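Down below is the structure, laid out as structure tokens.
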Amino acid sequence: MRKKILFGNWKMNKTNEEALAFAKVTPSIVKLAKEHDVILGIAPSYLALETLKKGTEGIVIAAQNVHYLDHGAYTGEVSIPMLKAIGIDTALIGHSERRTYDNETNEKCHLKIVSLLQNDMVPLYCVGETLEQFNAKKTKEIVETQVIEGLKDLDEEAMKKVIVAYEPVWSIGTGLNASPEIAIDIISFIRKTIEKMYGKDVSEAVHILYGGSVKPNNIHSYLANEEIDGALVGGASLEVESFRALLTAII
Ligand code: PGA
């Protein structure tokens, strides 16, 4: 049985001090999540990773990006061994903002996913179509390519650990969420694509989340369906009471 996952993506928000203030209030939220078997995660900025890792217990703390090489002359980058050294074991890969602003291609995502899995870490791989692609009815074509190119040639057991997030680009930060019907249709399609690549045993193990303008008042409509394993939440994960409200809406 797959567990439900509530994952916050803080993007370029919160200083260390603000992250620490958030961390201080989390024990009661973590307790609630544990009682209801929900996995909690937060991806803060690099600078707040260690703060949150040390300041919380029972929350997966994830990086928002990694470099696929261990070290070298790559100014501005952070490597997997650096993250492991502070106890981080999960990283977002291929978020649409990185695809748009930082030239994150499927090929690059694949290199990062391979490196993470080789280091026994969990990639949270984001896929999704732009508004133009959605209007041209190309969603499945785009998402299929992202899944195939990003997740090809992986060890089967390692693949089971991968988390995929379907995030239509047009719904991120816009308040225009994809309807639960669209989310269910595309998430089922992603699972079928993974099944074609790795078989049913693997595809049934992979967690697939929905992301894009998820709020406390709409999260239940997604997670009520057993095809959707959780949510990746930006804006509504920033305030601790909103994060708590997201959780209480799904338990
Ligand atoms: P949003 O962001 O919830 O603010 O739309 C989601 C995301 O980018 O992961």
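The values are calculated or read from the model by the stated rules, or taken from the named source; none is laboratory data. Please read these numbers as outputs of a predicted model, since none were measured by experiment. Cβ coordinates were reconstructed from backbone atoms using ideal geometry, including for glycine residues, and neighbour counts include every protein chain displayed.
Might you let me know whether region 110-118 holds any residue that is charged (D, E, K, R) and either within 22 Å of Phe189 (Cβ to Cβ) or surrounded by fewer than 17 Cβ atoms within 10 Å (Cβ to Cβ) (or both)?
No, the conditions are met nowhere in region 110-118.
Within region 121-139, is there a residue that is at pLDDT 95 or above, of a type in the set (S, T, N, Q), assigned to a helix (DSSP H, G or I) and within 16 Å of the ligand (Cβ to nearest atom)?
No, region 121-139 has no match at all.
Considering only region 78-119, state which residues are farther than 22 Å from Lys152 by Cβ and in a helix (DSSP H, G or I).
Within region 78-119, Pro81, Met82, Leu83, Lys84, Ala85, Glu97, Thr100, Tyr101 qualify.
Which of the residues that make up region 59-79 are β-branched (Val, Ile, Thr) and in contact (Cβ under 8 Å) with a residue 24 or more places away in the chain?
Ile59, Val60, Ile61, Val66, Val78
If you take the residues of region 169-191 that are under 16 Å from Val147 (Cα atoms) and not hydrophobic (A, V, I, L, M, F, W, C), which of them is surrounded by the most Cβ atoms within 10 Å (Cβ to Cβ)?
Residue satisfying both the conditions and the ranking: Arg191.
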